[in-house]
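The values are calculated or read from the model by the stated rules, or taken from the named source; none is laboratory data. Being a predicted model, the structure only gives us computed values, none of them experimental. Backbone-built Cβ (ideal geometry, glycine too); neighbour counts: all protein chains shown.
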Amino acid sequence: MTDMPTTPRLALPLLAVSQAQKEVTHNEALTLLDALLHAAVEAGPLAAPPASPVTGQCWLVDAVPTGAWAGNSHAIAIWTAGGWRFAPPREGVTVVRLTDNMRLRFDGAAWVPPATVGMPTGGAIIDSEARSAISTLILSLAAQGLLISG
């Protein structure tokens, strides 16, 4: 769907004045919303599309994609009844990768995992209660995919 007006954030297609077959544009927007709202991807980033996708599944496209994904670097690839749809990410977009429950964020150049945070150690005065509380907090944030515990 080229040369159509789109929304500024997710590039969803907008209906045009006197447009024929408005249902096509509307359905395309709903398909993209379905994939991008609370986005979950099967895996990725991957260079090549999967062999047997199921309608509604999404993947992260690698920086140098091949095959049916060629030319869609870093996009979210959505398999639909009509074939592949691609949503180019905006900086700050996050997805959950279902293979490992990892939250990935697009930083404008690549899909990146959360920063690694180390457990508290060292110091001249040892406060075991504080360290225990901080460790529990870090483990809880890591379990939610918000941090990587190191």
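With touching a Pro at 6+ places or on another chain (Cβ under 6 Å) and surrounded by fewer than 17 Cβ atoms within 10 Å (Cβ to Cβ) as the only criterion, which of A47, A63 stands out?
The match here is A47.
Determine, yes or no, whether L37 is within 30 Å of L147 (Cα to Cα) and modelled with pLDDT under 85.
So L37 fits the description; yes.
Are any of the residues in the range 116-130 part of a loop (DSSP other than H, G, I, E, B) and either touching a strand residue (DSSP E or B) at 6+ places or on another chain (Cβ under 9 Å) or modelled with pLDDT of 80 or more (or both)?
Going residue by residue through the range 116-130, those that are part of a loop (DSSP other than H, G, I, E, B) are 118-127.
Subsequent filtering for residues that are either touching a strand residue (DSSP E or B) at 6+ places or on another chain (Cβ under 9 Å) or modelled with pLDDT of 80 or more (or both) retains 118-119.
Checked the range 116-130: at least one residue is part of a loop (DSSP other than H, G, I, E, B) and either touching a strand residue (DSSP E or B) at 6+ places or on another chain (Cβ under 9 Å) or modelled with pLDDT of 80 or more (or both).
Among the residues of the range 41-52, is any out of contact with any Ser or Thr (no Cβ under 8 Å at 6 or more places or on another chain), of a type in the set (G, A, S) and at pLDDT below 90?
no
Among the residues of the range 75-94 satisfying the criterion of being in a strand (DSSP E or B) and out of contact with any helix residue (DSSP H, G or I) (no Cβ under 9 Å at 6 or more places or on another chain), which is surrounded by the most Cβ atoms within 10 Å (Cβ to Cβ)?
W79
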